[in-house]
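Here's the structure we're looking at; comments come further down.
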Amino acid sequence: MTPLNSKFWIYFFEWEGKRKKITIGNFKKSSTTKEVGYTLEEARKAKEKFKLMLQNGVCPQNEKKALKTKQIQEVEKSLIANEKILSNIINDYFQFITSITERHKEKQRSQMNRMIIPFLGNKSIDDITAQNLLECILKIKSDGQKHRVLTLCGQIWKWAKSNYRTQTNITLDIDRKNTLPPEPKAENFKTITEKDKIKILLKMIEQYDGDISTKTALRLAPYVALRPFNIRFAEWTEFNFEDKLWIIPASKMKMKKEHIVPLTDSMINIINDIKPFSFQKSIYLFPSPISNLKTLSENTLNYGLKRLGYGDEIVAHGFRAMFSTITNEFIDDDDAHGVSRDIIEFQLAHKIDNKVGAAYNRALYLKQRTRLMQWWSDYLDDLKKI
């Protein structure tokens, strides 16, 4: 009997001249009760098994330890095998990776869930050959997506190898040039760069008669030259109106670096127009017309441009190309803004590869960027006045 008044069946026996014991299990009065344990009859049957083991030269105690060790080894083996299942590796990779935005991560996860996991997800990564993976990728309809999925698989296999989940990165054995169709050239986003056409577009946006969030987001988009995602997910807490700065956190940026947009009076006036509809009602500047808890949907701005009759001429992302084209054209013009191409690229949150551009600092070059954004804001304002 234990200090907690629990009772156990214990079998005592002799082994190699020494007295030993082995616990059979908890005492149970009747087989009809819900208690876990052994009745007298069940304990006697277990004792007979132990006696038979002794007669065959097997120590019940040693056998119990060996069985427990084997069970532990089987559990460990199962855990190791589970860690090598491709679907588990993919899941762990996406939990680990932090160098991409959540939105981009979900797109990549969706690609794997649709194009790789249904065919290879249940297999051990060590059992998957380069041929298996290639056959899977060749089933993808889009040639561009074939290349993107292979690149993503390369990143996953590289991570798995670095974390000792496999010894070989099989993606290195796939020769893209000789096994995949040529990768399509990236298409530029549709945009408008002619002065007269921009003037008409800006005036058409001002006359947009749809949802106020969509209209105001479209009005702001040409001025800030941001990716549509950053406009749609703009939050009131990101704005410092006193210092006239929009500070976008790194988690929302493609390059995973905090980005600053110097605000002009024209930008602030546009933002103030949406305040009565969303400030203190939603965390977002431009909430969905369906719910203040949600943002405008991914295609809303493009749909707004289509409603205005510009579906074939410009997309929301095209305002960035408009900004880039025109600001670069005016670098050496008499009415130049006075900043370099590197500053323009930096304001677009593009990666700058050259040594001079790589040294730019957000704080040190904020004056130049403020000058650039004020010039651009004035340029658009002047067009609307004509």
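The values are calculated or read from the model by the stated rules, or taken from the named source; none is laboratory data. Just so we're clear, the structure is a prediction, and the values are computed from it rather than from any experiment. Methodologically, a virtual Cβ is constructed for each residue, glycine included, from the backbone with ideal geometry; neighbour enumeration extends over all protein chains shown.
Kindly indicate whether residue 208 is under 23 Å from residue 369 (Cα atoms), buried (at least 17 other Cβ atoms within 10 Å of the Cβ) and more than 27 Å from the chain's Cα centre (by Cα).
For residue 208, the condition - under 23 Å from residue 369 (Cα atoms), buried (at least 17 other Cβ atoms within 10 Å of the Cβ) and more than 27 Å from the chain's Cα centre (by Cα) - is not met.
Select from region 16-72 the residues that are in contact with a strand residue (DSSP E or B) (Cβ under 9 Å, 6 or more places away or on another chain), of a type in the set (S, T, N, Q) and closer than 23 Å to residue 6 by Cβ and list them in ascending order.
Hits for region 16-72 are 23, 26, 39, 61.
Quick one: what pairs do we get from region 262-279, first residue under 18 Å from residue 247 (Cβ atoms), second surrounded by fewer than 20 Cβ atoms within 10 Å (Cβ to Cβ), C-beta under 6 Å, 6+ apart or different chains?
Filtered contacts from region 262-279: 262/369; 262/370; 263/244; 264/374; 264/377.
Kindly indicate whether any position in region 155-170 is aliphatic (A, V, I, L, M), more than 23 Å from the chain's Cα centre (by Cα) and either modelled with pLDDT of 90 or more or at positive phi (or both).
Pass one, region 155-170, residues aliphatic (A, V, I, L, M): 156, 160, 170.
From what's left, more than 23 Å from the chain's Cα centre (by Cα): 170.
Restricting the remaining residues to those that are either modelled with pLDDT of 90 or more or at positive phi (or both) gives 170.
Yes - at least one qualifying residue is present in region 155-170.
Can you name every residue in region 119-157 that is surrounded by 14 or more Cβ atoms within 10 Å (Cβ to Cβ) and in contact with a strand residue (DSSP E or B) (Cβ under 8 Å, 6 or more places away or on another chain)?
Across region 119-157, the qualifying residues are 121, 123, 124, 125.
Before we move on, is residue 47 assigned to a helix (DSSP H, G or I), over 44 Å from the mean Cα position of the chain (by Cα), modelled with pLDDT under 85 and of a type outside the set (A, V, I, L, M)? Step through it out loud before you land on a result.
On the way: assigned to a helix (DSSP H, G or I): yes; over 44 Å from the mean Cα position of the chain (by Cα): yes; modelled with pLDDT under 85: no; of a type outside the set (A, V, I, L, M): yes.
The answer is no for residue 47.
Assuming residue 205 fulfils every condition listed in (1) at pLDDT below 95; (2) in a helix (DSSP H, G or I); (3) aliphatic (A, V, I, L, M) apart from one, which condition is it?
The failed condition is (1).
When the residues of region 162-182 are narrowed to those that are among the polar types (S, T, N, Q) and farther than 14 Å from residue 149 by Cβ, which ends up surrounded by the fewest Cβ atoms within 10 Å (Cβ to Cβ)?
178
Using the structure shown, decide if residue 116 is more than 19 Å from the chain's Cα centre (by Cα), crowded, with 16+ Cβ neighbours inside 10 Å, at pLDDT 90 or above and not acidic (Asp, Glu).
Values: more than 19 Å from the chain's Cα centre (by Cα): no; crowded, with 16+ Cβ neighbours inside 10 Å: yes; at pLDDT 90 or above: yes; not acidic (Asp, Glu): yes.
No.
Checking residue 231 against (1) over 24 Å from residue 379 (Cα atoms); (2) surrounded by 18 or more Cβ atoms within 10 Å (Cβ to Cβ), which single condition isn't satisfied?
(1)
Considering only helices (runs of 4 or more DSSP H) fully contained in region 228-347, which possess at least 1 residues that are under 27 Å from the mean Cα position of the chain (by Cα)?
Hits in region 228-347: 228-232, 300-307, 318-329, 341-347.
Name the residue that is modelled with the lowest pLDDT, counting only residues in region 245-276 that are in contact with a Pro (Cβ under 9 Å, 6 or more places away or on another chain) and surrounded by fewer than 17 Cβ atoms within 10 Å (Cβ to Cβ).
Looking at residues that are in contact with a Pro (Cβ under 9 Å, 6 or more places away or on another chain) and surrounded by fewer than 17 Cβ atoms within 10 Å (Cβ to Cβ), I get 258.
Can you list the helices (runs of 4 or more DSSP H) found entirely within region 87-196 that contain at least 3 residues being more than 30 Å from residue 313 (Cα to Cα) and of a type in the set (A, V, I, L, M)?
130-138, 143-162
Among 41, 74, which is the only one that is under 36 Å from the mean Cα position of the chain (by Cα) and outside the structural domain of residue 118 (by TED's automatic domain parsing)?
74
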